[in-house]
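The values are calculated or read from the model by the stated rules, or taken from the named source; none is laboratory data. Remember, predicted model here, so these are calculated numbers, not experimental data. Note that we place each Cβ from the backbone using ideal geometry, even for glycine, and neighbour counts take in every protein chain shown.
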Amino acid sequence: MLSFTEENYLKAIYHLSAGGTKAVLTNEIAEAMETKPASVTDMVKRLASKNMITYERYYGVNVTKPGKSEALSIIRKHRLWETFLVEKLGFNWDEVHDVAEQLEHIQSPLLIQKLDEFLGFPSVDPHGDPIPDKHGKFHITRQIPIADSSGKKTVVSAVKDSSPAFLQYLNKIGVYIGVSIQVLEKIEFDRSVEIMIDGKRKLYISKEASENILVTE
């Protein structure tokens with residue numbers, strides 16, 4: 001069994017390694033965890049001793065098969081709790097991350113199984129991120145930033161940036177998962193984008209915003 005801190009590190013390494021497809025440097029982990037490289041080295045040794053990761057000096061860190069399974073279990077719990085908080089308790093999508101960070105450490109497979117069933121076995125969380133099933137499997141839908149959209153009508157399917165500040169901004173302009181959105185013009189000068197939301201409202205969004213709103217065409 002992993003400690004809360006070990007689970008947080010393992011989840012971060014899994015994300016940084018793009019699901020275990022590439023090695024991650026300890027400096028990258030330190031930056032993600034907002035800590036010192038020396039602390040990361042100690043944690044890496046602990047996780048390696050539990051067969052959650054492999055580590056080679058000068059090469060980096062990657063997750064093992066058991067580590068990937070454990071990381072996906074933590075991610076599954078996090079995203080199910082976010083879904084529960086939004087759909088059943090009325091939280092806004094910008095309010096749930098920190099609460100789910102605490103709830104994801106609950107060690108009860110039966111509780112998570114019941115939670116999944118209660119929610120109707122959702123495939124994505126409130127931010128559009130896929131929810132792994134109990135076997136760690138999940139479906140990835142092809143998504144592109146609205147900045148790369150061809151101009152056809154699209155549907156917002158996820159956000160790349162799920163920080164509270166960005167989600168609050170999207171609330172203000174009326175962008176949410178499932179809303180219809182269409183690119184009307186891309187401005188060459190500052191690469192801002194004019195969009196139509198839900199076929200009713202036109203507005204301009206910045207280059208950064210357009211790169212963090214993901215759509216399916």
Go through the stretch 139-203 and tell me which strands (runs of 3 or more DSSP E), entirely inside it, have 2 or more residues that are without any contact (Cβ under 8 Å) to a residue 24 or more places away in the chain and not small (Gly, Ala, Ser). 193-197
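For the stretch 156-167, which positions are surrounded by 13 or more Cβ atoms within 10 Å (Cβ to Cβ) and either under 10 Å from GLN182 (Cα atoms) or not aromatic (Phe, Trp, Tyr) (or both)? Reasoning before the result, please.
Residues of the stretch 156-167 surrounded by 13 or more Cβ atoms within 10 Å (Cβ to Cβ): 156-162, 164, 166-167.
Of everything in the stretch 156-167, those that are surrounded by 13 or more Cβ atoms within 10 Å (Cβ to Cβ) and either under 10 Å from GLN182 (Cα atoms) or not aromatic (Phe, Trp, Tyr) (or both) turn out to be VAL156, SER157, ALA158, VAL159, LYS160, ASP161, SER162, PRO164, LEU167.
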Which one of the conditions (1) at pLDDT below 95; (2) surrounded by fewer than 16 Cβ atoms within 10 Å (Cβ to Cβ); (3) in contact with a Pro (Cβ under 7 Å, 6 or more places away or on another chain) does ASN51 fail to meet, given that it meets all the rest? (1)
Under 24 Å from GLY178 (Cα atoms), within 14 Å of the chain's Cα centre (by Cα) and surrounded by 15 or more Cβ atoms within 10 Å (Cβ to Cβ): which single residue out of ASP94, ASP98, ASP116 fits that description? ASP94
For the stretch 140-152, how many residues meet the condition of being under 9 Å from THR216 (Cα atoms) and loosely packed, with under 14 Cβ neighbours inside 10 Å? 2
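Quick check: is even one residue across the stretch 66-79 out of contact with any Lys or Arg (no Cβ under 7 Å at 6 or more places or on another chain), farther than 28 Å from VAL155 by Cβ and buried (at least 21 other Cβ atoms within 10 Å of the Cβ)?
Step one: filter the stretch 66-79 for residues out of contact with any Lys or Arg (no Cβ under 7 Å at 6 or more places or on another chain), giving 66-70, 72-73, 76-79.
Narrowing further to those that are farther than 28 Å from VAL155 by Cβ: 66-70, 73.
Okay, now just the ones that are also buried (at least 21 other Cβ atoms within 10 Å of the Cβ), so 67, 70.
Checking the stretch 66-79: at least one residue is out of contact with any Lys or Arg (no Cβ under 7 Å at 6 or more places or on another chain), farther than 28 Å from VAL155 by Cβ and buried (at least 21 other Cβ atoms within 10 Å of the Cβ).
Give the stretch 54-65 a look and list any residue that's of a type in the set (Ser, Thr, Tyr) and surrounded by 16 or more Cβ atoms within 10 Å (Cβ to Cβ), or say none.
Let us first name the residues in the stretch 54-65 that are of a type in the set (Ser, Thr, Tyr), namely 54-55, 58-59, 64.
Those that are of a type in the set (Ser, Thr, Tyr) and surrounded by 16 or more Cβ atoms within 10 Å (Cβ to Cβ): THR54, TYR55, THR64.
Can you list the helices (runs of 4 or more DSSP H) lying wholly within the stretch 13-95 that have 1 or more residues being assigned by TED's automatic domain parsing to the domain that holds HIS105? Before you say what the answer is, go through the steps one by one.
On the way: elements: 26-33, 37-49, 65-87.
Here the list reads 65-87.
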